[in-house]
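Taking it in order: structure first as structure tokens, then the write-up.
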Amino acid sequence: MDPADLEQLIDRELRSLPAPRAPRTLLPRVMAAANQAANRPWYSRTWLQWPAGWQVASALVLLGVVAAGGVVLPQLRDAVEAISFVADVRSDVASSAREVETATTAVRVLWRTLLAPVVPWAFGLVTLMCAACAVFGTALNHLVFGRAFR
Amino acid sequence: MADVDRFEAFVRTYQDMVFATAVRLLGNPAEAEDVAQSVFLKAFEQFDSLSTSPAAAGWLKTVARNTCLNHLSRYRSRWRFFSELGPSDADAEPGYEASLEGTDSPARTFELADDRERLEQALRRLPEHQRVPLVLFHFEDASYEEIARTLRISLAKVKTDIHRGREALRKILERKGPAKAGHYGE
């Protein structure tokens, strides 16, 4: 059968069906449940079903909470900004510390690779030069100035 | 108490419509009764505005439909999974035709019932993945696209499932009296 014909046929047949009737038990069940719901305490119902006084009170409380939020939130934001300032300072300190550490490491490497092998020889050279200067100064004092600076 | 009396009248007026929507979508009278009860309880919560509204019937029908679909959604992933794994040439679930024809099945009851009752029962016994889109299309006037969106399945699957459901129902219709059988023949 052509799908369009089939659709028409089934549509006609289904629409001709009488609506199924609700069982007799449905009405008593619904009414019992409705009575039970009507006897529930107000706070266990939806807000729209609360007594008007409680609706107003709860709306006022909600407004109070919102207003308090309006007061507290800017302070909270300032606190967060202060915390972020401290975090920035800490970040700067950490950055400086890292730079110091890098410089120290570079100096240490330079020392070990270039200076440390030379230092004993330089120290010996400087000592010798100092000794030579001392000898030269003593000789000069004796010969030229006649111990004038004694 | 006046409200209770008015609500009782309200339920009496619309109970058949709500139950019919539910039982056709769910295919199970017991579950349909549960859903109808929950629909009327929702109506009871808004009865002040609903009792005087001319759109009360539409509201009830929409709520009934959505409640049924929510009810089915608990099982939808399961039936969608099996429907997509199922045999491609099946008119319905395996054993569905046999269940209508077998001598030890409700088919015997259907043979004794009138044609419309038989069709109604056949509709209820369709697998959910065929019955739900079929009912939405023919009773709720939903388009294929709306059904696909509502059930969150592909348009092609909606069309396939509806077509298979119709074919299954046509076979039931063909088993009616000789006059009608000739009329429905291909």
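Here are the numbers for the structure shown:
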{"read-out": "Answer residue from the range A:34-77, given it is hydroxyl-bearing (Ser, Thr, Tyr) and either farther than 30 Å from B:Ala36 by Cβ or touching a helix residue (DSSP H, G or I) at 6+ places or on another chain (Cβ under 7 Å) (or both) and is modelled with the highest pLDDT among those", "value": "A:Ser58"}
{"read-out": "Restricting the range B:15-47 to residues that are within 17 Å of B:Pro127 (Cβ to Cβ), assigned to a helix (DSSP H, G or I) and not hydrophobic (A, V, I, L, M, F, W, C), the residue that is farthest from the other protein chains (Cβ to nearest Cβ)", "value": "B:Glu31"}
{"read-out": "Matching entry among A:Trp42, A:Trp47 (being in contact with a Phe, Trp or Tyr (Cβ under 6 Å, 6 or more places away or on another chain), within 30 Å of B:Phe47 (Cα to Cα) and surrounded by 10 or more Cβ atoms within 10 Å (Cβ to Cβ))", "value": "A:Trp42"}
{"read-out": "Conditions (1) surrounded by fewer than 13 Cβ atoms within 10 Å (Cβ to Cβ); (2) at pLDDT 90 or above; (3) farther than 20 Å from A:Arg21 by Cβ; number of the one not met by B:Ser73", "value": "(2)"}
{"read-out": "Residue tally, condition farther than 15 Å from B:Val23 by Cα and at pLDDT below 90, over the range B:119-140", "value": "0"}
{"read-out": "Looking only at the range A:8-48, and only at residues there that are β-branched (Val, Ile, Thr) and under 58 Å from the mean Cα position of the chain (by Cα), the one that is nearest to the other protein chains (Cβ to nearest Cβ)", "value": "A:Val30"}
{"read-out": "Number of the condition not met by B:Glu111 [criteria: (1) at pLDDT 65 or above; (2) part of a helix (DSSP H, G or I); (3) loosely packed, with under 13 Cβ neighbours inside 10 Å]", "value": "(1)"}
{"read-out": "Filter result (surrounded by 10 or more Cβ atoms within 10 Å (Cβ to Cβ) and hydrophobic (A, V, I, L, M, F, W, C)) within the range A:50-64", "value": "A:Trp50, A:Trp54, A:Val56, A:Ala57, A:Ala59, A:Leu60, A:Val61, A:Leu62, A:Leu63"}
{"read-out": "Pairs where the first residue, in the range A:15-28, is closer than 13 Å to B:Arg24 by Cβ and the second is surrounded by 14 or more Cβ atoms within 10 Å (Cβ to Cβ) and of a type in the set (Ser, Thr, Tyr), C-beta under 9 Å, 6+ apart", "value": "A:Ala19/B:Thr21"}
{"read-out": "Residues satisfying the stated conditions in the range B:1-54, i.e. surrounded by fewer than 20 Cβ atoms within 10 Å (Cβ to Cβ), of a type in the set (Lys, Arg) and closer than 22 Å to B:Phe139 by Cα", "value": "B:Arg12"}
{"read-out": "Answer from A:Ile83, A:Ile10 - the residue that is in contact with a His (Cβ under 8 Å, 6 or more places away or on another chain) and part of a helix (DSSP H, G or I)", "value": "A:Ile10"}
{"read-out": "Residue list for the range A:1-38, restricted to those being of a type in the set (Gly, Ala, Ser) and surrounded by 17 or more Cβ atoms within 10 Å (Cβ to Cβ)", "value": "A:Ala22, A:Ala34"}
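The values are calculated or read from the model by the stated rules, or taken from the named source; none is laboratory data. In this text, all values refer to a predicted model and were calculated from it rather than measured experimentally. Cβ sites come from the backbone with ideal geometry, for glycine too, and all protein chains shown count toward neighbours.
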